[in-house]
Amino acid sequence: MKPTMLRKLFPAPLLSLALVALWMVLNRDYGLGQWLLALLLGVAVPILTQPLRPTPVRFRKPWTAFKLFWRVGGDVIVWNWRVLLGTLARTPPRGAFVTVPLDLRDPNGLAVLAAILCVIPGTIWSELALDRSALLVHIFDLHDEHAAQAEIDLIKTRYEKPLMEIFE
């Protein structure tokens, strides 16, 4: 089979593989019919959803992605404790919006940044500027302007910088 034919049949090979594996794990039935249905889904879904992915993913530096994955996991745990302690404190937390200037322009990287900021307790991705130059983020507890700048720097160094390495 020619490489172009394979590319048309499997436009997103990792997605195809993940769909087959997920189908088989969720069904817990490894008969021939389930394998055939899983393979059909693994081929058909990426082909049918290809128009929904306007920009191809250029994924580089998998080691950076691996480290970012674990960093986000650790931050989720730390922020869960911060939010818990903030809700139990005598003085209520003072949430505020901060504007984060963005250097990241890749739409796939921005989508991952949105997911990261929505997964971490205490932060919410609120709005993206039309020209993708800035991001409005709500932070659970900010005491002053110094704390706001610290959160902006944290987002830029912990999340945006690795995402730029991975996607740009």
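Since Ile116 meets every condition but one in (1) open to solvent by 80 Å² or more (accessible area, probe 1.4 Å); (2) in contact (Cβ under 8 Å) with a residue 40 or more places away in the chain, which condition does it not meet?
Condition not satisfied by Ile116: (1).
Looking for something open to solvent by 20 Å² or more (accessible area, probe 1.4 Å), under 19 Å from the mean Cα position of the chain (by Cα), at pLDDT 90 or above and not small (Gly, Ala, Ser) - is there at least one such residue anywhere in the stretch 85-104?
yes
Being under 17 Å from Leu68 (Cα atoms) and open to solvent by 60 Å² or more (accessible area, probe 1.4 Å) narrows it down to one residue among Asp131, Asp144, Asp153; which is it?
The unique qualifying residue is Asp153.
Take the residues of the stretch 49-65 that are assigned to a helix (DSSP H, G or I) and open to solvent by less than 100 Å² (accessible area, probe 1.4 Å): which is modelled with the lowest pLDDT?
The qualifying residue modelled with the lowest pLDDT is Gln50.
Could you go through the stretch 94-106 and let me know if any residue there is hydrophobic (A, V, I, L, M, F, W, C), without any contact (Cβ under 8 Å) to a residue 12 or more places away in the chain and out of contact with any Lys or Arg (no Cβ under 8 Å at 6 or more places or on another chain).
Looking through the stretch 94-106, none of the residues is hydrophobic (A, V, I, L, M, F, W, C), without any contact (Cβ under 8 Å) to a residue 12 or more places away in the chain and out of contact with any Lys or Arg (no Cβ under 8 Å at 6 or more places or on another chain).
Given (1) assigned to a loop (DSSP other than H, G, I, E, B); (2) open to solvent by 40 Å² or more (accessible area, probe 1.4 Å); (3) within 22 Å of Leu85 (Cα to Cα), where does His138 come up short, assuming only one miss?
The number of the failed condition is (1).
The values are calculated or read from the model by the stated rules, or taken from the named source; none is laboratory data. Bear in mind that the values here come from a model prediction, so they are computed numbers and not experimental data. All Cβ positions, glycine included, derive from the backbone under ideal geometry; neighbour counts span all protein chains shown. Side chains are part of the model used for accessible areas, which takes the heavy atoms of the whole protein and leaves out ligands, DNA and RNA. Shrake-Rupley method; radii C 1.70, N 1.55, O 1.52, S 1.80 Å.
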